[in-house]
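The values are calculated or read from the model by the stated rules, or taken from the named source; none is laboratory data. Please read these numbers as outputs of a predicted model, since none were measured by experiment. Don't worry about glycine lacking a Cβ; one is built from the backbone with ideal geometry, like all the others, and counts go over all protein chains shown. For accessibility, only protein heavy atoms count, side chains too; no ligands or nucleic acids. Shrake-Rupley method; radii C 1.70, N 1.55, O 1.52, S 1.80 Å.
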Amino acid sequence: QKEVEQNSGPLSVPEGAIASLNCTYSDRGSQSFFWYRQYSGKSPELIMFIYSNGDKEDGRFTAQLNKASQYVSLLIRDSQPSDSATYLCAVNSLGTALIFGKGTTLSVSS
Amino acid sequence: DVKVTQSSRYLVKRTGEKVFLECVQDMDHENMFWYRQDPGLGLRLIYFSYDVKMKEKGDIPEGYSVSREKKERFSLILESASTNQTSMYLCASSLGRGLAGELFFGEGSRLTVL
């Protein structure tokens, strides 16, 4: 059974701080890695995807991938109260559907 | 913008009823998916389809079936609803080859089975 693990949280950070969200996965053949944000009562929306080892930056968000350690993370710089949501890590291999972690709840206090 | 539309946002059904959840996407995506989302259990894949009339079981297919007669439409069927099928159901689609690629989600259908 392929698994994606995340700490459920809640992760609490003050406004302006860096929030670090982590995810591990069990399938070494995984090729695509996604971070989704889900506000309460809403559907997940894509924040970032990453395919290669290293960092990928998009505005205040940085995704980091380490395939050797089977680890992917999301950093949110200058966290805002509007970033308060559940963050879902999702992973897939060629020919398989996305497998989601259970999500980490982030709370940013002003 | 990609739009994935789920026909019903909220449904209340009785145990034993047959339930249809409809999903339509307007971006000519090959792949379509049905997930359910429950507190503490996250998103779990029920069924997916990578082509018309094709379907594959996900992690929790028991008690569900699906239909994909047209590329844009993917239906989830609960043949005989049970209380443990009370959940939020999310439909999604994607364009990528080999099922990879960004998933676009519908707004969800919250089903309550009494």
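Selection among B:66, B:112, B:39 by position relative to the dipole of chain B gives B:112 as farthest towards the positive end (Cβ unit charges, Cα centre).
Based on alpha-carbon atoms, the Kirkwood radius and the radius of gyration of the protein assembly as shown give Rg/Rh equal to 0.98. Inter-chain Cβ neighbour count for A:62-70, averaged per residue, equals 0 (cutoff 10 Å, partner chain atoms only).
Per residue and in Å³, how big is the convex hull formed by the alpha-carbon atoms of chain B?
Cα convex hull per residue, to the nearest whole number: 94 Å³.
Residue A:80 to residue B:107: FRET efficiency via 1/(1 + (r/R0)^6), r the Cβ-Cβ distance, R0 22 Å, to the nearest 0.05? The calculated FRET efficiency here is 0.35.
Taking a probe of 1.4 Å, how large is the accessible area per residue of chain A, in Å²? Each step should come with its number before you reach the end.
Numbers: 5220 Å² over 110 residues.
Result: 47 Å² per residue.
For peptide B:43-51, the mean count of partner chain Cβ atoms within 10 Å of a residue's Cβ comes to 3. Overall, chain A carries a charge dipole of about 200 debye about its Cα centre when +1 sits on the Cβ of Lys and Arg and -1 on the Cβ of Asp and Glu, all other atoms neutral. Between the beta carbons of residue A:15 and residue A:39, assuming R0 = 25 Å, the FRET efficiency works out to 0.90 to the nearest 0.05. With a Cα cut-off of under 17 Å and a minimum spacing of 8 residues unless on different chains, the lysine pairs in the stretch B:1-90 number 6.
Give me the accessible area buried between chains B and A, both sides summed, with a 1.4 Å probe, in Å² rounded to the nearest 100.
By this definition, chains B and A bury close to 1500 Å².
The modelled label-to-label distance for the pair residue B:10/residue A:69, using points 7 Å beyond Cα in the direction of Cβ, is 4.5 nm.
Average accessible surface for chain B: 50 Å² per residue, computed with a 1.4 Å probe over protein heavy atoms with every protein chain in place. Extension gain, residue B:62 to residue B:77: 0.36 nm times the residue separation minus the Cα-Cα distance gives 4.3 nm.
I need the Debye-formula profile for the stretch A:56-110: one equal scatterer per C-alpha, no solvent, reported as log10 I(q)/I(0) at q = 0.15, 0.16, 0.20, 0.27 1/Å, two decimals. Debye intensities relative to I(0), on a log10 scale: -0.54, -0.60, -0.88, -1.20. Alpha-carbon geometry of chain A: the Rg and the Dmax are 13.3, 43 Å, given in that order. Along its three principal directions, the equivalent ellipsoid of the stretch B:1-62 from the Cα gyration tensor extends over semi-axes of 21, 16, 13 Å, largest first. Computing Rg and the Kirkwood Rh from the Cα coordinates of the stretch A:1-57 gives a ratio, Rg/Rh, of 0.98. Remark: mean inter-chain Cβ contacts per residue of A:30-41 equal 2, using a 10 Å Cβ-Cβ cutoff to other protein chain atoms.
Taking amide H as placed 1.01 Å from N in the peptide plane, the amide H of residue A:85 sits under 5 Å from that of A:106, each at least 5 places away or on another chain.
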